[in-house]
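Participant: Quick one: the structure is below, and I'll ask about it shortly.
The values are calculated or read from the model by the stated rules, or taken from the named source; none is laboratory data. Computed from a predicted structure; not experimentally measured. Ideal geometry is used to build each Cβ from the backbone, glycine not excepted, and the neighbour counts take in all protein chains shown.
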Amino acid sequence: MNRNTDDLIESILKRQNKDGGWAYNRGASLQGAASWTEPTLYAALVLKASSADRSAIVRAMQWIGGRQQHDGGFSPYESVEQSTWVTSLVLLFSPEDFGAQCYQAALDWVLRQTGQEASWIYRLRLRMTSQSDRNGITGWPWFPGTVSWVSPTSTAIVGLRRAQLYTSSRQGEIANRIEEGKRFLISHTCQDGGWNHGSEKSLGYAADSYPETTGAALLALRGVPREPLSASIERAKKLAATCSFSEGVSWLRMGLAAHGEALPAQPASGKARNLRDECLEVLSERVTEGAVQL
């Protein structure tokens with residue numbers, strides 16, 4: 001990574017808000033902007049994977065814990081009361097970080113979520129309009145009650161895979177849900193081998209894949225035999241060669257690393273648009289080093 005990892009970690013640490021969370025904004029002068037759950041979770045993962053100040057991690061855990069809703073899920077922002085996909089990121093931590101009861105409630109919430117395409121009404125509507133329903137294969141939505149998409153499905157699979165390390169019961173249920181999510185991803189592969197947000201076709205034509213979604217899907221498909229994914233791995237390499245933004249390169253590095261492929265260090269031209277992107281840069285470095293497994 002051309003940008004020094006230690007400098008990035010120090011920069012991330014300095015931008016922690018007084019409430020324990022982090023904002024999306026990058027600039028140090030914007031410290032104090034409202035904290036959001038997603039960047040706070042990624043920042044906390046970075047700090048836990050480094051020798052950062054323990055007190056900063058504790059304050060982050062406390063802030064994140066305050067976002068848990070009555071249904072067990074987590075909201076994306078302090079004033080929002082609806083649980084969303086960010087709950088899957090909570091599963092990347094351990095029960096000790098939030099407390100066993102809190103962690104179990106988050107796991108229950110993730111396991112309950114299915115895309116709207118799982119409902120018989122939605123499947124009937126597809127059949128009436130001559131669209132494929134893929135036999136009810138479902139992933140995860142961004143928000144409850146909506147259709148599944150590639151990114152939240154990938155995040156949920158990675159989170160559940162981590163949760164398997166901490167859960168002695170419900171192993172079969174978790175494993176079955178992970179496998180269904182993988183089938184969803186494979187069934188939504190674009191013609192070029194990669195993935196976009198969820199549609200393989202647009203206006204009747206083959207849709208192009210995106211760097212960040214292709215990388216995330218490959219990460220989620222860790223453990224799938226290489227042969228069925230050969231076209232996807234090659235597509236990821238091609239995307240990495242031309243990708244000009246940090247988020248895309250980071251996800252591609254992690255996705256390829258999950259299948260034994262290494263990318264060069266983060267290119268200097270890769271632009272981090274916000275703090276989340278900077279956190280992903282550090283995590284991708286740690287993943288490719290083998291220091292962190294997602």
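Participant: Can you name the condition, by its number, that residue 179 falls short on among (1) touching a Phe, Trp or Tyr at 6+ places or on another chain (Cβ under 7 Å); (2) modelled with pLDDT of 95 or more; (3) closer than 21 Å to residue 223 by Cα?
Facilitator: (1)
Participant: Could you grab me the full set of residues in region 223-255 that are touching a residue at least 40 places away in the same chain (Cβ under 8 Å) and not hydrophobic (A, V, I, L, M, F, W, C)?
Facilitator: 228, 232, 234, 235, 255
Participant: Could you grab the pairs with beta carbons closer than 7 Å, sequence gap of 6+ or different chains, first residue in region 4-20 and under 14 Å from residue 280 (Cα atoms), second one outside any helix (DSSP H, G or I)?
Facilitator: 9/50; 9/52
Participant: Please name all residue pairs, on different chains or six or more residues apart, with Cβ atoms under 6 Å, provided the first residue is in region 100-127 and is closer than 18 Å to residue 82 by Cα and the second residue is at pLDDT below 50 and in a helix (DSSP H, G or I).
Facilitator: Going by the 6 Å Cβ cut-off, the qualifying pairs are 116/122.
Participant: Could you list, in sequence order, the residues of region 76-90 that are surrounded by fewer than 21 Cβ atoms within 10 Å (Cβ to Cβ) and either out of contact with any strand residue (DSSP E or B) (no Cβ under 7 Å at 6 or more places or on another chain) or assigned to a strand (DSSP E or B) (or both)?
Facilitator: Answer for region 76-90, where residues must be surrounded by fewer than 21 Cβ atoms within 10 Å (Cβ to Cβ) and either out of contact with any strand residue (DSSP E or B) (no Cβ under 7 Å at 6 or more places or on another chain) or assigned to a strand (DSSP E or B) (or both): 77, 78, 79, 80, 81, 82.
Participant: Related question: Could you check how many residues of region 163-187 are surrounded by 12 or more Cβ atoms within 10 Å (Cβ to Cβ) and outside any helix (DSSP H, G or I)?
Facilitator: Number satisfying all stated conditions: 4.
Participant: Could I ask something else about it? Hey, can you tell me all the residues within region 210-245 that are in contact with a strand residue (DSSP E or B) (Cβ under 9 Å, 6 or more places away or on another chain), surrounded by fewer than 24 Cβ atoms within 10 Å (Cβ to Cβ) and closer than 20 Å to residue 286 by Cα?
Facilitator: Residue satisfying the conditions is 245 alone.
Participant: Criterion first (modelled with pLDDT under 95, touching a strand residue (DSSP E or B) at 6+ places or on another chain (Cβ under 7 Å) and closer than 29 Å to residue 207 by Cα) does residue 136 satisfy it?
Facilitator: So residue 136 fails the test.
Participant: I would also like to ask the following. Mind listing whichever residues of region 32-59 are in a helix (DSSP H, G or I) and more than 14 Å from residue 286 (Cβ to Cβ)?
Facilitator: 37, 38, 39, 40, 41, 54, 55, 56, 57, 58, 59
Participant: Select from region 106-133 the residues that are assigned to a helix (DSSP H, G or I), more than 19 Å from the chain's Cα centre (by Cα) and under 28 Å from residue 73 (Cα atoms) and write down the one among them that is modelled with the highest pLDDT.
Facilitator: The residue in question is 116.
Participant: Does residue 72 qualify as being farther than 20 Å from residue 186 by Cα, at pLDDT 95 or above and among the small types (Gly, Ala, Ser)?
Facilitator: yes
Participant: Just wondering, is there one or more residues in region 66-75 that are surrounded by 18 or more Cβ atoms within 10 Å (Cβ to Cβ), within 21 Å of the chain's Cα centre (by Cα), on the phi > 0 side of the Ramachandran plot and in a loop (DSSP other than H, G, I, E, B)?
Facilitator: Scanning region 66-75, I find at least one residue that is surrounded by 18 or more Cβ atoms within 10 Å (Cβ to Cβ), within 21 Å of the chain's Cα centre (by Cα), on the phi > 0 side of the Ramachandran plot and in a loop (DSSP other than H, G, I, E, B), so the answer is yes.
Participant: Can you work out which of the residues in region 195-216 that are of a type in the set (D, E, K, R) and assigned to a loop (DSSP other than H, G, I, E, B) is modelled with the lowest pLDDT?
Facilitator: Taking the candidates together, the pick is 200.
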